[in-house]
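The structure appears below as structure tokens.
The values are calculated or read from the model by the stated rules, or taken from the named source; none is laboratory data. Note that the coordinates shown come from a computational prediction; the quantities given were computed from them, not determined experimentally. Here the Cβ positions follow ideal geometry from the backbone for every residue, glycine too, while neighbour counts run over all protein chains shown. Only protein heavy atoms, including side chains, enter the accessible area calculation; ligands, DNA and RNA are left aside. Shrake-Rupley method; radii C 1.70, N 1.55, O 1.52, S 1.80 Å.
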Amino acid sequence: MDASMRLSAPLPLSGPMAEKEIRVYWQRRKSVFTGSVLASAHCSKHSTVLRIPCEAGHYHPHFADERESEGRSDPPKVTRRMRASSRRAGRWAGLGLAPGFVLVFLDHTQQAVQGVLCEGDSRQSRLLGLVRHRPRHGGQEHALFLYTHRRMAITGDDVSLDQIVPVSRDFTLEEVSPDGELYILGSDVTVQLDTAELSLVLQLPFGSHTRMFLHEVARACPGFDPATPDPEFLWLSRYRCTGPEPEQPQPLGWDAAPETGPRRSGIGGGVSDFDDSRSDKKGLLGDPASSWGQDTPDSLLPRQNKSKSEITDMVRSSTITVTDKAHILSMQKFGLRDTIVKSRLVQEEEDYTYIQNFRFFVGTYNVNGQSPKEGLQPWLSHGIQAPDVYCVGFQELDLSKEAFFFHDTPKEEEWFKAVSEGLHPDAKYAKVKLIRLVGIMLLLYVKQEHAAHISEVEAETVGTGIMGRMGNKGGVAIRFQFHNTSICVVNSHLAAHTEEYERRNQDYKDICSRMQFCQVDPSLPPLTISKHDVILWLGDLNYRIEELDVETVKKLIEEKAFQTLYAYDQLKTQVAAKAVFEGFTEGELTFQPTYKYDTGSDDWDTSEKCRAPAWCDRVLWKGKNITQLSYQSHMALKTSDHKPVSSVFDIGVKVVNEERYRKTLEEIVRSLDKMENANIPSVSLSKREFCFQNVKYMQLQVQSFTIHNGQVPCQFEFINKPDEASYCKKWLNANPSRGFLLPDSAIEIELELFVNKTTATKLNSGEDKIEDILVLHLDRGKDYFLSVSGNYLPSCFGSPIHTLCYMREPILDLPLETIRELTLMPLQTEDDGIQLENPLGIPKELWMMVDYLYQNAVQQEDLFQQPGLRSEFEHIRDCLDTGMIETLSASNHSVAEALLLFLESLPEPVICYSTYHNCLECSGNYTASKQVISTLPTFHQNVFNYLMAFLRELLKKSAKNHLDENILASIFGSLLLRNPAGHQKLDMAEKKKAQEFIHLFLCNSP
């Protein structure tokens, strides 16, 4: 086929109203053939002329009569005449098919559409063809052919027959409103296909083409007239019984049993669990990450009932009827992407929404590792009307080492049950989501009558503890759509101790920058916290009262001089300085500080530390139409050394007026009808060359540029270069990497360069350089090339142990060629007999950090558990790389964290990959473990023994630093022992064995 004639959807044929004739020849591959457009060939003895006048931007197929051609051996020909108009452009845009792709079925294909087959959490694209057969005895029979296909299908090799569904008397295909989903006009259509043998759920694209397809399928159903003979479907045997072919799998579903739906049950007092399955599109779906009380469904069939009949009735009683949907679906979209419609709808949202207030309860409670010992009604439901939404957060759910290192805790179920039983008795609630990170847990409930209006539920976690990952500190968040308002609820536990306010500020910024939620449309960049209409932030923020002694604080509290005391509140000071929570609001503090009390009482802390009272537990908010009705602590609860805090809000939520929405949508579609989208998109870039100077290890550099769009809506994306797995090198990232632009709009793209442990070694050795070319691709348009260059400053971080031992000078004082040679030098052992001159016994950088800690931090509480400051890490790195240790000035925690990051960055761990499995096997035998260590290369042995000696010195001061063998073995086990299989993280069993191995050396002197 002439390449010039392969329609590039949505590029038109040349010339207005051009008329071309293309001949397509038959290439038989069972039931799939290649061609130029959607066409049909009746069978090997039939040919069909398919004429498709393309008016108003869509296809109306009219088929000629089949003609018998007995004895003919030539392949049948299919001829197409097409009248093209500029509005046809984009008719098949977004279907995932290559330009000009076509299916030619063996029998008479009346209609075809691309859809998505939904099986549980799985979403797989399928091509659906309605095929008609006319038996010799008269009448006609129909079947649905379902095909899998590659992302960009070009030839028959790119599609495979998946299932054949005969349109028999028991065949039904109907639109459904999936459980927990609110139908949104303009969205995909969900249909349920049922026969006696199988049940399928399919999502079909919004548009008149889908409506026509469903209409033709309805017409194809044989009906129930007993005088009409039952269809025999003998003609399908040739598709099912032609023998296996390697590239053509046997049809599925012919003998498939009906699938069963998920089992769901009520939880707690008047609470239903909606958190069993993933959120997709508009559904109120759950998350397999929630670790409590879940059944794993075999598949998710929207018509399966929940255990609570009232929920089923509520979900099904949608105000949008099938007739309404049919009206909307009958309107033409002219092939423009759904994104254009959605973007315009967002712009004109005020035209079809109104504000309705809903009551939100937001509560936070640091439970100090305790189990619930008293009812939570005084906190959750006493003295208030039943809220519409509950957002309940906990901190320090479990303080055990098992929870910290292995993320397991029975406390999650205990507190979840306590909350469910403490909700307001005057309403029934559905649990929407539970998310937990170690001891930080967040629960979201809504009244059951609102459940149908909750959608796009996502939950994420960010650990900000030691090395920026541990979950003893950090945040968890749940985002969701309530009617037409996006809401994000964040529960955080920030760094402790009065003097650590800068660390708290950093934790907040880390949560904001790293918390990202996947969007329903995978082509769109993740959502951050700030990209929501309403943000509710709760938790133990740990900001303290400073500049006042303990007795002065207590005296002001006794006098209820809360505003005087509030002037010394760290959070107030940091917000005023715009260091944190910029744009957030907090209500007036009219209650006494919530920390620290003697457990079981209302008495202030009488322990040896005698902590000063502080408002650690807070609730803040950001957004429009938010009114705080109450903000208080709850002194009646005495389980913890904190008191719980609650805040009740009236939040104005944007609710859709369906009639005005319909009119707005119609106007948008009509305006799109007038838009000439046949032109090639064009953009201008503010910058195309980027130079990053003096890039350092773990120090982010960002440069930005702006994409200005022209007169045509366009989709952009950074695409992979040939033979490359990603659009950029691992040290680079574009944010966002894809997106959509309306006419005359612009977007800023940030190029983020960050070198970490996975990329540093090759940059040190010169195997990689700060050089890359990015390809910015416009859908239906041209490519733009962006060049990235720069220089990397070598660092001890990411350098091998033996390399550093041969560097007697600071790494930045050495020539690049010397660094390259030493980094590429293979790991050697004493048996090799190869030694360079005057190597050090251990890397001097390791000695500098350990000696600093030995001199200053052996009595430091929470060493290796409390994170340091990022700015101090950068200072430590520079001191190590330049050898200027005398200028090192940093907190003990920052140096300790730098030591851990150094060990993590080693390309070959202290205990070499080759001995990993031997270490695990002898983890209970000290003698055998020493023997394994003795087989390590000399430099690795030295480092291991040096570290163990230092850790044993720390343990001698455990009365002061509160360290023990289990804590240190857990922290260092996963750093010194790493899985060689893809350098993946240790699983739970391996993690415990690694901990036991290190534990032996901590408890036994050499």
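Please label the shape of segment 722-784 as rounded, prolate or oblate, based on the square roots a ≥ b ≥ c of the eigenvalues of the alpha-carbon gyration tensor (a/c under 1.5 means rounded; beyond that, a/b larger than b/c means prolate, else oblate). Note, shape of segment 722-784 comes out prolate. Computed from the C-beta positions of SER686 and GLU350 and an R0 of 30 Å, the FRET efficiency is 0.45 to the nearest 0.05. Legend: calculated FRET efficiency, ASP603 to LEU888, from the Cβ-Cβ distance at R0 = 51 Å, rounded to 0.05, equals 0.75.
Taking the Kirkwood radius as Rh and the Cα radius of gyration as Rg, segment 662-805 has a ratio of Rg/Rh equal to 1.14. Its convex hull of Cα atoms gives segment 519-648 a direction-averaged projected area, equal to a quarter of the hull surface, of 10.3 nm². Relative contact order, whole percent, for segment 550-672 stands at 22, derived from Cα pairs under 8 Å and 6 or more residues apart. If the Kirkwood radius is taken over C-alpha pairs of segment 796-924, then at 4 °C and 1.567 mPa s the Stokes-Einstein diffusion coefficient equals 81 µm²/s. Which links in LYS578/LYS757; LYS411/LYS638; LYS473/LYS531; LYS622/LYS696; LYS401/LYS956 stretch past 29 Å when you go from one Cα to the other? Distance filter (> 29 Å) returns LYS578/LYS757; LYS622/LYS696. For segment 576-707, the average shadow cast by the Cα convex hull is 18.0 nm², which is a quarter of the hull's surface. Label-to-label distance for MET825 and LYS730 is 2.4 nm, based on points extended 7 Å past Cα in the beta-carbon direction. Peptides 417-427, 456-466 ranked from most to least packed, by the mean per-residue count of other Cβ atoms within 10 Å: 456-466, 417-427. Rolling a 1.4 Å probe over the heavy atoms of the protein chains gives segment 437-518 an accessible area of 24 Å² per residue.
Where the centroid of each part is defined by its Cα atoms, how far is segment 754-774 from segment 460-529 in Å? Value for the Cα centre distance between the two parts: 28 Å. Rg/Rh, computed from the Cα trace of segment 730-850 with Rh as the Kirkwood radius, has the value 1.18. Spin-label model, THR938 to SER237: label points 7 Å out along the Cα-to-beta-carbon direction sit 8.1 nm apart. In this structure, SER122 and GLN385 have a Cβ-Cβ separation that, at R0 = 51 Å, corresponds to a calculated FRET efficiency of about 0.75.
Rounded, prolate or oblate, given the Cα gyration tensor of segment 392-535, with a/c below 1.5 counting as rounded? Here segment 392-535 falls in the oblate category.
Each label point was placed 7 Å from the Cα along the Cα-to-Cβ direction; for ASP723 and SER1005 their separation is 6.1 nm.
Measuring against 27 Å, Cα to Cα, the residue pairs LYS509/LYS609; LYS643/LYS992; LYS431/LYS509; LYS431/LYS654 contain LYS509/LYS609; LYS643/LYS992; LYS431/LYS509 as the ones spanning a longer distance. For the peptides 698-707, 528-537, 603-612, 891-900, residues were scored by their other Cβ atoms within 10 Å and the scores averaged per peptide; the highest-first order is 891-900, 528-537, 698-707, 603-612. For segment 860-975, the square roots of the Cα gyration tensor eigenvalues, ordered a ≥ b ≥ c, give a/c of at least 1.5 with a/b no greater than b/c, which places it in the oblate category. Separation of segment 606-665 and segment 913-928, taken as the distance between their Cα centroids, equals 51 angstrom.
Computed extension gain for GLN859 through LYS572, at 0.36 nm per residue and net of the alpha carbon distance, reaches 100.1 nm.
Each principal axis of the Cα atoms in segment 418-460 has its own extent, and those three values, largest first, are 32, 27, 7 angstrom.
What a 1.4 Å probe finds exposed on segment 850-1006 is 47% carbon and sulfur by accessible area, rounded to a whole percent.
Can you tell me the order of 724-737, 550-563 when each peptide is scored by its average per-residue count of other Cβ atoms within 10 angstrom, highest first?
Ranked by mean Cβ neighbours within 10 Å, highest first: 724-737, 550-563.
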